[in-house]
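The values are calculated or read from the model by the stated rules, or taken from the named source; none is laboratory data. Everything quoted here is computed from the prediction, not taken from an experiment. Positions of Cβ are generated from backbone atoms using ideal geometry, with glycine treated the same way; all protein chains shown enter the neighbour counts. Each accessible area value is taken on the protein alone, full model and side chains, heavy atoms only, with ligands, DNA and RNA left out. Shrake-Rupley method; radii C 1.70, N 1.55, O 1.52, S 1.80 Å.
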Amino acid sequence: MALATVTAALVSGMMVSGCRPVVAHAGVEPSDSGVTAALRGDLENYLDDQGTKDHFSAVSLRVTYADQQPDISVDVGTSRHGGGRPVNSDALWQIGSNTKAFTSVLLLRLEAEGKLSMRDELGKWLPEYPAWHDVTITQLLSMTSGIPNYTEQSAFLRDFDAEPSTRFTLERLMSYVEGLPLGPATYEYSNTNYLLAQMIVERASDDTYDEQLAERIIEPLGMDDTCLPPDCPPGTASRMPAPYSTHSDLPNHLNKSVPPLALSWAQGAGGLVSSLRDMTVWDRALYGGQLLPPAQQRELESLVSMQTSEPIETVTADDPMGFGLGLVKIAHPVAGTVWFYEGATYGNRVLHMYFPETEMIIALAVNSAVGDEDTLPDLAGTVYETLSAQKATGSPTRQ
């Protein structure tokens, strides 16, 4: 699984998470102490129930609103499995595939400036990969290219497991899939797509990927806690709960920690480190249209059915999952139409949900990666239910 998009698990998990329809009174917000205590109970129960099995020690939550209502931050657990300092809202996390939307926004910004088109083929920008020359940028970002996924290759997994701190170059990462046959142009998740997208960003901008991130996104949004290793400030690793892997395909690191900044294997597909505060700032700008002109925002949010691989206008109960350009939209049975993404590295999982009708954002993080049985979506559903129930009680608005 490695740098995982666990979209199927996220949807199925939330659908069985025990959420009940709750009517929320418009304009009524839960009391500070009441909602915080309830959410802390949710996180503590999750840590008690799942922490040993999934070998994590910390869970963090941040909830933000569109208006001036105060943000909610709740953190439970410790920085290391079996002990360590208490985790707090200053913690930094490997945000995994949440990085992909950053890469998409960079390309869409370059398109808006006339430096490229989403219809451009790889042959124009990356002629060194002739087997993929007909694949378009849109196909890369929508996961419909058919290009194999390097993180699923046994040679890559062996190399990472042997030495996670290896400084993987883009060329080395691409070598794991060069020569493999191109699959059909249908939806199939592949991290390779976003390494290629990163390369196009650099060639079209005549700049490095990390400089483009800083100039176009990180600095304008004031995301002081966001960085792309190895170019992170001193002290970054000390703010990160120890990342743990429970992947059976990494036998040398099963239930062991991995280096917190060893992310050169992910880069533009999932290499960013951030705080939940920065994540929610980014998500609000992303979905609120602050980063792109309207035409590019529409492209960003254009969907391919993850069920049929066909373009769809929106998601429905019959076709509940759509992949945009580094985004996912679901038709949730309780929350309605929701944007979300769960990024997973080999040591962290970071999930966000954006609710278009209310513009509320829920962000969650834990310090372990898991295989197929990911229960973090269940916790997201529980958090949503708790927030809705608190509002439904008509608790006083915070002053």
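Taking the conditions (1) open to solvent by 40 Å² or more (accessible area, probe 1.4 Å); (2) more than 20 Å from the chain's Cα centre (by Cα); (3) at pLDDT 95 or above in turn, Ala66 satisfies each one other than (3).
Scanning the range 97-120 turns up at least one residue that is assigned to a helix (DSSP H, G or I) and touching a strand residue (DSSP E or B) at 6+ places or on another chain (Cβ under 6 Å). Before we move on, is Leu364 in a strand (DSSP E or B), surrounded by 22 or more Cβ atoms within 10 Å (Cβ to Cβ) and modelled with pLDDT of 95 or more? Answer is yes for this residue.
Here is a list: Thr192, Thr103. Which entry is surrounded by 24 or more Cβ atoms within 10 Å (Cβ to Cβ), under 30 Å from Ser73 (Cβ atoms) and under 17 Å from the mean Cα position of the chain (by Cα)?
Details: Thr192 fails: under 30 Å from Ser73 (Cβ atoms).
The conditions single out Thr103.
Let's see how each residue does on (1) outside any loop (DSSP other than H, G, I, E, B); (2) open to solvent by 20 Å² or more (accessible area, probe 1.4 Å); (3) closer than 19 Å to Arg80 by Cβ:
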residue: Met223; (1), (2), (3): no, no, no
residue: Gly235; (1), (2), (3): no, yes, yes
residue: Pro241; (1), (2), (3): no, no, yes
residue: Leu263; (1), (2), (3): no, no, no
residue: Gly271; (1), (2), (3): no, no, no
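Only one of the listed residues (Leu122, Leu61, Leu116) is under 21 Å from Cys227 (Cα atoms), of a type outside the set (Phe, Trp, Tyr), open to solvent by less than 60 Å² (accessible area, probe 1.4 Å) and out of contact with any Gly (no Cβ under 6 Å at 6 or more places or on another chain). That residue is Leu61. Quick check, is Ala285 outside any strand (DSSP E or B), among the small types (Gly, Ala, Ser) and either touching a helix residue (DSSP H, G or I) at 6+ places or on another chain (Cβ under 6 Å) or open to solvent by less than 20 Å² (accessible area, probe 1.4 Å) (or both)? Yes; evaluated as a whole, the condition is true for this residue. Scanning the range 197-206 finds one or more residues that are under 19 Å from Ile137 (Cβ atoms), part of a helix (DSSP H, G or I), among the charged types (D, E, K, R) and at pLDDT 95 or above.
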